[in-house]
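Some notes on the structure that comes next.
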Amino acid sequence: MSRHFNFCSGPATLPLEVLERAREELVDYQGRGLSVMEMSHRGDDFIEIAARAERNLRELLSIPEGYRVLFVQGGASTQFSCVPLNLLGGGGTGNYLDSGVWAKKALAEARHLGGAHVAASTADLGYRRAPAQGEIVLSPDAAFLHYTDNETIGGVAYDYLPEAGDVPLVCDMSSSILGREIDVSRFGVIYAGAQKNIGPAGLTVVIVRDDLLDRARPETPQMLSYRQAADHGSMLNTPPTYAWYLCGLVFEWLKARGGVAAIAEVNRRKAARLYAAIDQSEFYSNPIEAGSRSVMNVPFRLRDESLDQRFLADAEAAGLLYLQGHRSVGGMRASIYNAMPEEGVEALIDFMDGFARRHG
Ligand code: PMP
């Protein structure tokens, strides 16, 4: 067996221990004589798998009483619609912070569904940093404040929790959830596509405060309704059972590694090593301002773009996969989520160093 280091932004690398456990249980789940994939989602075994996953996620994030955890489908992109549909029943618009590609997509969907107010934007700065607290101007008739904790493409993150005044704070945490500790009680809604720090693609986690379950616009489709998902244990229809099970295995893995505080420490170390290597070199660069640099996604450019394809080919040959930046921005990007071991980052730094010496 040869496992490469996978720097893909999502679907992303999964912990080897999780894949091995899944393999062990693949054909015959704990002596039941069938695979989790083949089980009824209404049966006792799957209900227990689902409940355990939720319990462990609640423990990992210290989710307080008064919040529901939903396991839904449609990806984080569907949440771009769910948020205005579920929160704007009383009218008004959403406040949106514009920090890059993903924030803009959420904003576009809100505009499409009735209105959005851009409360702050760093578009004019080329998204070189996240909006600062002092720049946020909330609209008085907005019903929530939405922001994107970590811009997966731009590599931009917030180093503070935006102040939402007396409306709920809503966060797209797709590429940073479980990567560092958060105070869930400060949020109204948190959502995240699973395929980065949670598990395989196909599942989206939504954490929603109870009092926000009944603010939906009347036309909200049942399948997009937080209330419906909450009342039906996220099983209004057939859920992606196997993805849910795998997410549960990732949560167990993370608990065994000491939980979010422990992994956050490792994440900070990995990111600090990689940014230092980029900053110290004349060959590579990252344009993001220090306070806004993502710990999860590290975009970087080669001084000479004509070497990009060579870099990628050599990296792949060295077992370092998916370092190509998003097609909209070019350059390189290393996604170094929870499941990327420190040795993976060290291997990348060694490779970058060698490449720069050969071509510098
Ligand atoms: N938000 C962020 C921050 C993302 O990184 C992504 C996916 N890369 C999305 C939303 C969209 O997620 P999905 O593909 O699950 O719809």
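The values are calculated or read from the model by the stated rules, or taken from the named source; none is laboratory data. Small disclaimer: the values here were computed from a predicted structure and weren't measured. Reconstructed Cβ throughout: ideal geometry from the backbone, glycine too, with neighbour counts over all protein chains shown.
Kindly indicate whether N267 is in contact (Cβ under 8 Å) with a residue 60 or more places away in the chain, closer than 22 Å to L16 by Cβ and in a loop (DSSP other than H, G, I, E, B).
Details: in contact (Cβ under 8 Å) with a residue 60 or more places away in the chain: yes; closer than 22 Å to L16 by Cβ: yes; in a loop (DSSP other than H, G, I, E, B): no.
The answer is no for N267.
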G193: passes all of (1) more than 16 Å from the ligand (Cβ to nearest atom); (2) buried (at least 20 other Cβ atoms within 10 Å of the Cβ) but (1)
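Take residues that are under 27 Å from P221 (Cβ atoms) and in contact (Cβ under 8 Å) with a residue 60 or more places away in the chain and tell me which of the strands (runs of 3 or more DSSP E) falling wholly in segment 113-205 contain 3 or more. Please lay out each step first, then the result.
On the way: elements: 116-121, 142-148, 169-172, 189-193.
It comes to 142-148, 189-193.
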Candidates V167, V205, V156, filtered to the one that is farther than 16 Å from I63 by Cβ and within 12 Å of the ligand (Cβ to nearest atom): V156
A264 away from the ligand (no atom under 16 Å from the Cβ), over 15 Å from the mean Cα position of the chain (by Cα), of a type in the set (A, V, I, L, M, F, W, C) and under 30 Å from G344 (Cβ atoms): no
Among the residues of segment 233-249, is there at least one that is under 19 Å from G66 (Cα atoms) and assigned by TED's automatic domain parsing to the domain that holds V36? yes
Exactly one of G259, G188, G248, G233 is under 23 Å from K104 (Cβ atoms), more than 16 Å from the ligand (Cβ to nearest atom) and surrounded by 16 or more Cβ atoms within 10 Å (Cβ to Cβ), and that residue is G188
Residue match in segment 129-146 (condition: within 21 Å of Y226 (Cβ to Cβ), within 16 Å of the ligand (Cβ to nearest atom) and in contact with a strand residue (DSSP E or B) (Cβ under 8 Å, 6 or more places away or on another chain)): yes
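Matching residues to (1) surrounded by fewer than 18 Cβ atoms within 10 Å (Cβ to Cβ); (2) over 29 Å from A110 (Cβ atoms); (3) touching a residue at least 12 places away in the same chain (Cβ under 8 Å); (4) of a type in the set (F, W, Y):
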position: E20; (1), (2), (3), (4): yes, yes, no, no
position: G66; (1), (2), (3), (4): yes, no, yes, no
position: L70; (1), (2), (3), (4): no, no, yes, no
position: A76; (1), (2), (3), (4): no, no, yes, no
Suppose the filter is within 16 Å of the ligand (Cβ to nearest atom) and part of a loop (DSSP other than H, G, I, E, B); does R217 pass it? no
Unmet requirement for D149, which otherwise passes all of (1) touching a strand residue (DSSP E or B) at 6+ places or on another chain (Cβ under 9 Å); (2) more than 12 Å from the ligand (Cβ to nearest atom); (3) among the charged types (D, E, K, R): (2)
Scan of segment 168-185 for residues that are surrounded by fewer than 19 Cβ atoms within 10 Å (Cβ to Cβ) and more than 16 Å from F251 (Cα to Cα), ordered by number: D183, V184, S185
